[in-house]
Amino acid sequence: MDVVGFGALNVDRVYIVSEIPKAEEESYVLNFERYAGGSSANTIVGLSKLGLKTGFIGKVGSDDDGYFLIEELRRVGVDVRNVVISDGRTGCAMVFVDKMGNRAIILDPSVNDTIRFEEIDIDYVNKFRLLHLSSFVCKVCFDSFESQKKLVREFDGIVSFDPGSVYAKMGFRKIKPLIENSNLFMPNEIEVRLLTGLNYREGAEFFLDLCDVVVVKRGWKGCYVTDGRVSFEVKAYRVKVVDTTGAGDAFNTGFIYGYLKGKSLEECAKLGNYLASLCIQYVGARTYLRNLYLSL
Ligand SMILES: Nc1ncnc2c1ncn2[C@@H]1O[C@H](COP(=O)(O)OP(=O)(O)OP(=O)(O)O)[C@@H](O)[C@H]1O
Ligand SMILES: [Mg+2]
C-alpha cells in the first residue's frame, strides 16, 4: 500500500449570497453547491487518481454528508474501511461568497476533532509507505491532535505534514512533536513566518534541524525546497486563475507522487507546481482531477 491520509473530513457548503450579512442583518442565497473537502483527503484523492494505492483515517457523522464524503473517497479507489462513522454531525465548512467574490467562512469541526488514538488501527496504518497529515481545527476538543502526535511516533514509514494556517497559528512549540517526526514538512510561506518569525529561506533552514526535506509553497511565485544538500526555487506555471481553493493540496499530491516514485526533489517540485496549476483553473479543490489523464 502506498499512501494513507489522516486529517479533517469536511463538506464544503458554498452559498452564493446577495451579500454577507453582519450581526442583526439578513441576506438571501442565490446559489448553492456542495463539495467534498478536507485538505489531506483532497491530496489522497489526487494520489489515488494517479494510480497509487491509498487509504484514509478520519471521522464522519452518520448523516448524509458523512456518506457523501465516504462515497467521494471510495469512488476513486481510496480504502475507506478505517474511516470511523460516529454519532453527531459531519464536519463542515460553510462558505458564503458575495457578488464581489468576498468570502466569509464558518467552520464546524464537529466529530472530526473527537477521533481518539484507540480508534485507529495502527497495524493497518503501518501497511502504508507514507502517512500524510493535515490539520484539525482543535477549537473544542484536542483528541484529534493528540492522536496525530501518537500516530507519527508509532508509524514506521515516511511522514509528510502540511500544517495549514490552523496549526501554524497554534505556534511552533505546540506542533513541534509533529514536525520532528515528519520527513517532509510542507507549509506555505505565510505559515513559515507565523511559526518562526523568519523569512521562508531562513525558516526552512530552521526546520531542517527537525526533518529531512522542507517544501515551502509560495502561491504564484511557485515553491522553495531544501534538504540541506540542495536548495532551490521552482517558478509556478503561468495559467489563468479561476479559484485557488485546494492549490496547496494539489501541490502536495504532485510532490508526494514524485517522491514515492523516486524522482529528484526538483522533479517533485515541478510536479507539485504542475498539479496545482491545473487545480486553480477550475472551481473546487478536486474538479481538476476529473480531466486528469497523466502518465508521469
Ligand atoms: N496564481 C498562481 N499561479 C500559478 N500557480 C499558483 C498560483 N497560486 C498558487 N499556485 C500553485 O499552487 C501552489 C500552492 O499554493 P499556495 O502557496 O497558495 O499554497 P497554500 O496557501 O498552502 O494553498 P491552500 O490554500 O490550498 O492550502 C503553489 O506552490 C503554486 O505551485
Ligand atoms: Mg495550504
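The values are calculated or read from the model by the stated rules, or taken from the named source; none is laboratory data. As the structure is a computational prediction, the values presented were derived from the model and not from experiment. Counting neighbours? That spans all protein chains shown, and the Cβs are built from the backbone with ideal geometry, glycine included. Heavy atoms of the whole protein, side chains included, go into the accessibility calculation; ligands, DNA and RNA do not. Shrake-Rupley method; radii C 1.70, N 1.55, O 1.52, S 1.80 Å.
The number of residues in region 170-205 being part of a helix (DSSP H, G or I), touching a strand residue (DSSP E or B) at 6+ places or on another chain (Cβ under 9 Å) and among the aromatic types (Phe, Trp, Tyr) comes to 1. Has region 42-57 got any residue that is of a type in the set (S, T, N, Q), in contact with a helix residue (DSSP H, G or I) (Cβ under 9 Å, 6 or more places away or on another chain), farther than 25 Å from residue 149 by Cβ and touching a residue at least 12 places away in the same chain (Cβ under 8 Å)? Scanning region 42-57, I find at least one residue that is of a type in the set (S, T, N, Q), in contact with a helix residue (DSSP H, G or I) (Cβ under 9 Å, 6 or more places away or on another chain), farther than 25 Å from residue 149 by Cβ and touching a residue at least 12 places away in the same chain (Cβ under 8 Å), so the answer is yes.
Looking across region 149-187 at every residue that is of a type in the set (S, T, N, Q) and more than 16 Å from ligand 2 (Cβ to nearest atom), the one that is surrounded by the fewest Cβ atoms within 10 Å (Cβ to Cβ) is identified as 183.
Number of residues in region 111-144 that are out of contact with any helix residue (DSSP H, G or I) (no Cβ under 8 Å at 6 or more places or on another chain) and within 26 Å of residue 188 (Cβ to Cβ): the value is 1. Number of residues in region 261-296 that are away from ligand 1 (no atom under 11 Å from the Cβ) and open to solvent by 20 Å² or more (accessible area, probe 1.4 Å) equals 17. A single entry from 86, 27, 40 fulfils the requirement of being touching a His at 6+ places or on another chain (Cβ under 9 Å) and of a type in the set (S, T, N, Q): 40. When 113, 121 are checked against the criterion of being more than 22 Å from residue 63 (Cα to Cα) and among the acidic types (Asp, Glu), a single residue qualifies: 121. Meeting the requirement of 2 or more residues that are out of contact with any Leu (no Cβ under 6 Å at 6 or more places or on another chain) and open to solvent by 40 Å² or more (accessible area, probe 1.4 Å), the helices (runs of 4 or more DSSP H) wholly within region 39-148 are 64-74, 122-125.
Figure legend. Inter-residue proximity from region 178-197: first residues without any contact (Cβ under 8 Å) to a residue 40 or more places away in the chain and within 13 Å of ligand 1 (Cβ to nearest atom), second residues assigned to a strand (DSSP E or B) and open to solvent by less than 40 Å² (accessible area, probe 1.4 Å), beta-carbon distance below 6 Å, spacing 6+ or different chains. Indicated pairs: 185/161; 185/214; 189/216; 192/216.
Residues in region 241-295 that are of a type in the set (A, V, I, L, M), assigned to a loop (DSSP other than H, G, I, E, B) and farther than 19 Å from residue 77 by Cα: 241, 242, 280, 283. Can you find, within region 26-38, the residue that is most open to solvent (accessible area, probe 1.4 Å) among those that are on the phi < 0 side of the Ramachandran plot and out of contact with any Asp or Glu (no Cβ under 8 Å at 6 or more places or on another chain)? Going through the qualifying residues, I end up with 26.
Can you name every residue in region 1-25 that is surrounded by fewer than 24 Cβ atoms within 10 Å (Cβ to Cβ) and in a loop (DSSP other than H, G, I, E, B)?
Correct list: 1, 2, 18, 19, 20, 21, 22, 23, 24, 25.
Does region 239-249 include one or more residues that are near ligand 1 (Cβ under 9 Å from one of its atoms), open to solvent by less than 10 Å² (accessible area, probe 1.4 Å) and in contact (Cβ under 8 Å) with a residue 60 or more places away in the chain? Checking region 239-249: not a single residue is near ligand 1 (Cβ under 9 Å from one of its atoms), open to solvent by less than 10 Å² (accessible area, probe 1.4 Å) and in contact (Cβ under 8 Å) with a residue 60 or more places away in the chain.
The residue list 263, 217 contains one member that is modelled with pLDDT of 95 or more, under 25 Å from residue 129 (Cβ atoms), in contact with a helix residue (DSSP H, G or I) (Cβ under 9 Å, 6 or more places away or on another chain) and within 13 Å of ligand 2 (Cβ to nearest atom), which is 217. If you go through region 199-233 and keep only what is of a type in the set (A, V, I, L, M, F, W, C) and more than 13 Å from residue 248 (Cα to Cα), you end up with 204, 206, 207, 208, 210, 211, 213, 214, 225, 230, 232.
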